[in-house]
Each structure stands twice: as structure tokens, then as C-alpha cells.
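*Asks:* Pasting a structure here, questions to come.
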Amino acid sequence: MSSKQDIIVIALGGNAILKPHEEGTAQDQMNNITETCRQLVQLLKRGHQLVLTHGNGPQVGAILLQNEAARNQVPPMPLDVCGAQSQGLIGYMFQQALRRELSRQGLSQSVSCVITQTEVDADDPAFENPTKPIGPFYSEEEAARLQQEFDFAMKEDAGRGYRRVVPSPDPRSIIERDAIAALLQQGGIVIASGGGGIPVTAEGKQLSGVEAVVDKDLAAHRLAEDAGADVLLILTDVERVMLNYGTDSEKPVSRMTVAQAKTYRDEGHFKEGSMEPKVRAGIRFVRSNPEGRAIIARLDQAVEAVDGTAGTEIIA
Ligand code: ADP
Ligand code: MG
């Protein structure tokens, strides 16, 4: 069981910021973030140190849509810049909400958001095969225009229209890891690698943003390893990882070894792009840190998950 001063890296799913039925006003997002922060403060009260990371799909989607709608008045920004914008907006809301919830509990840690770049390999095979849908839906004609004009890869998305797809390369390293470590060292709470971090490739000392999206759960593993975390806690919208998910024979898993997790993965129990990267991140974490704990749990059960009574724990 974790003792005081444990470092917990928490990867927050989409539902921590915006619920599926909501419109997505600033107030909606602040309300959800405030609710999330109440959970997080429970962990802080127990003396744990926290590093937070989060998804940004809906937020970056909205920014891309705004860029598109205003393209004749304001030059549209590239995806890496939109990613930075989304980190800033979400990080700011967490800075506000956490400060407020901390002070209600008589705590006073500093809260800082680090705009984070994630280094990826320029020759990652993912660049050959864009898979991650982003931004708004388009008609077939609009999709053809974007393909022609900007060389965007466009794909039909489950009968709902066309969307831009971008590569999802593997995160290699976090450029700002020393800054994150220094803030942690001082006892602060750090928000980093939002949306998986802004993917960049390095040529010597020169970094360039790339048109791609890094999976936030895999980025969370990097963050956890760099921070020397004791726990990687991936919070989402399901209570536990399931076998035969979505079928009559669905079965929750409370603990699985790395070997079991790999077998289940090979048997196709975890959906690509949703549960699979979470399990993969957990496997990577406990493999490099067998003393560490990797847990996938529902957002409102964060405390129970750390106590070992909720969620799915992956063990070495
Ligand atoms: P997040 O925003 O938290 O990353 P995702 O939608 O990416 O959320 O991942 C969580 C989703 O994964 C669940 O809502 C569920 O629909 C899906 N999922 C896929 N396979 C499984 C599984 N084996 N067990 C539980 N959930 C699964
Ligand atoms: Mg996800």
C-alpha cells in the first residue's frame, strides 16, 4: 500500500472535463473540472503528490472548428499550436479550480501547468498510417478540397461524414521533464502533457511541431516514469477493465498480471484507441518499475482505487 509522499501521476479521461451530452461552454468545463478537483484534493489530503495529465479531444476539436469558421478573417493555426492552446485553456481551469478546492481544505500547494512537448521519432511507422480522427466532420466535397489544398488525410467516419485523420506516434521523451521534476521537488502540483503533449521531432537541438496526436495514456506512462512515480492512475468512465466488453459475458477484472494483460490484449478484449492504450501504458509502467502500481479506474473512485478497493490493477 502506498505511504505518505507517494507520487501519483493521474491521467484524466475526457469525462473529467466535459461530459458527452454537454454543450461545452466554459462554465460546463469549469464545473466538471471543479468536481474532478474535489476528488483530487482527497488524495492530496492524504499527503500524496500529484502530477496531472488529461485528454484534449473535444477542446482541440473546438479550436480547429473556430479556426475553420474564421479562416477568412484570421489565419488558421496549425495543429501543434492548437494543441498548445488547448493545454493552456485546460491547465488554466485546473489551476483555478484546484487552488480554490485546496484553500477550502486548508492546503496551499502551488499549482502550475507546464506547456509540454513530447518528442516522437520522425521515422515512427505511425506517420505512414494516420489513424486518429480530429476536429469537425466535413462533407465529401469539403473533404476533397482539404485533401487537395492542405494535403490532409481525410477518412469517412462511421457514416457521420469525413474527418481529418492524423498519425499517433509513440511518445519517446518529455522535453520539459526537468522543469516538471523541479516543480514536484518543491512540493507543487503539476499539470503536464495535456492531450499527450505537443508532438515534436528533434533535429539536433532544434524542435519542430508535427501534425500528429500523441495518445494521452501512453504519454502519461512517460510522465510517470520521468517523475519516478509510485502510482500511475488512469481515470476514465468505466469502473473496471472488462473481458468480453459490451457482450453478455462481460466480466470485470480487478487484478491482472502483465502476462495476463498481454494475453487478454492479444485475444482482442481491449478496444484500440480507448482501453488498449490504457492497458499498454499500465504494462509499460509496471514493467519498468515492478514496485509501482498501475491502476485503471472510474473517475469518482480515485481514492478507493489508490486504496486497492476499486478499479483494475496491473501487477508485474
Ligand atoms: P478516456 O477519455 O477516459 O480516455 P476512452 O473512451 O478513450 O476514455 O476509454 C474508455 C472507454 O473504453 C470506455 O468508455 C469503454 O467504452 C471502452 N472500452 C473498450 N474496451 C474496454 C474494456 N475491455 N473494458 C472496459 N472498457 C472498455
Ligand atoms: Mg481515450
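The values are calculated or read from the model by the stated rules, or taken from the named source; none is laboratory data. All values reported here derive from a predicted model rather than from experimental measurement. Virtual Cβ from ideal backbone geometry, glycine too; neighbours counted across all protein chains shown.
*Asks:* Anything in segment 13-30 that is surrounded by 10 or more Cβ atoms within 10 Å (Cβ to Cβ), more than 15 Å from ligand 1 (Cβ to nearest atom) and in a loop (DSSP other than H, G, I, E, B)? List them, or say none.
*Replies:* Thr25
*Asks:* Which residue pairs have Cβ atoms closer than 7 Å, lie 6 or more positions apart in sequence or on different chains, and pair a first residue in segment 8-24 that is free of Cβ contacts under 8 Å to residues at least 40 places away in the same chain with a second residue that is outside any loop (DSSP other than H, G, I, E, B) and surrounded by fewer than 22 Cβ atoms within 10 Å (Cβ to Cβ)?
*Replies:* Lys19/Asn32; Glu22/Asp28; Gly24/Pro58; Gly24/Ala62
*Asks:* So, one more: Considering each residue of segment 228-247, count those that are crowded, with 21+ Cβ neighbours inside 10 Å and either away from ligand 2 (no atom under 13 Å from the Cβ) or over 16 Å from the mean Cα position of the chain (by Cα) (or both), and give that number.
*Replies:* Total satisfying the criteria: 5.
*Asks:* Next question. When the residues of segment 137-151 are narrowed to those that are assigned to a helix (DSSP H, G or I) and of a type in the set (D, E, K, R), which ends up modelled with the lowest pLDDT?
*Replies:* Glu149
*Asks:* Tell me the residue from Gly61, Gly91, Gly83 that is assigned to a helix (DSSP H, G or I), within 14 Å of ligand 1 (Cβ to nearest atom) and not β-branched (Val, Ile, Thr), please.
*Replies:* Exactly one residue qualifies, and that residue is Gly61.
*Asks:* Here is a follow-up. Quick one: which of Val190, Val120, Val214 is touching a Pro at 6+ places or on another chain (Cβ under 7 Å), over 24 Å from Glu68 (Cα atoms) and either among the aliphatic types (A, V, I, L, M) or at pLDDT below 95 (or both)?
*Replies:* Answer to the check: Val120.
*Asks:* Name the residue, out of Glu225, Glu203, Glu276, Glu272, that is closer than 24 Å to Leu18 by Cβ and either away from ligand 1 (no atom under 13 Å from the Cβ) or surrounded by 15 or more Cβ atoms within 10 Å (Cβ to Cβ) (or both).
*Replies:* Glu276
*Asks:* Right, something else. For segment 32-58, which positions are buried (at least 18 other Cβ atoms within 10 Å of the Cβ) and not in a helix (DSSP H, G or I)?
*Replies:* Of everything in segment 32-58, those that are buried (at least 18 other Cβ atoms within 10 Å of the Cβ) and not in a helix (DSSP H, G or I) turn out to be His48, Gln49, Leu50, Val51, Leu52, Thr53, His54, Gly55, Asn56.
*Asks:* While we're here: Can you name every residue in segment 8-61 that is within 22 Å of Thr116 (Cβ to Cβ) and small (Gly, Ala, Ser)?
*Replies:* The answer is Ala11, Gly13, Gly14, Ala16, Gly55, Gly57, Gly61.
*Asks:* Just a yes or no: is a residue in segment 160-176 in contact with a strand residue (DSSP E or B) (Cβ under 8 Å, 6 or more places away or on another chain), part of a strand (DSSP E or B), more than 16 Å from ligand 1 (Cβ to nearest atom) and free of Cβ contacts under 8 Å to residues at least 24 places away in the same chain?
*Replies:* Among the residues of segment 160-176, not one is in contact with a strand residue (DSSP E or B) (Cβ under 8 Å, 6 or more places away or on another chain), part of a strand (DSSP E or B), more than 16 Å from ligand 1 (Cβ to nearest atom) and free of Cβ contacts under 8 Å to residues at least 24 places away in the same chain, which makes the answer no.
*Asks:* What is the number of the single condition among (1) touching a residue at least 24 places away in the same chain (Cβ under 8 Å); (2) out of contact with any helix residue (DSSP H, G or I) (no Cβ under 7 Å at 6 or more places or on another chain); (3) more than 16 Å from ligand 2 (Cβ to nearest atom) that Leu223 does not meet?
*Replies:* (3)
*Asks:* Could you give every pair whose Cβ atoms fall below 9 Å, whose first residue belongs to segment 102-122 and is in a loop (DSSP other than H, G, I, E, B), and whose second residue is aromatic (Phe, Trp, Tyr), counting only separations of at least 6 or pairs across chains?
*Replies:* Val120/Phe127; Asp121/Phe127
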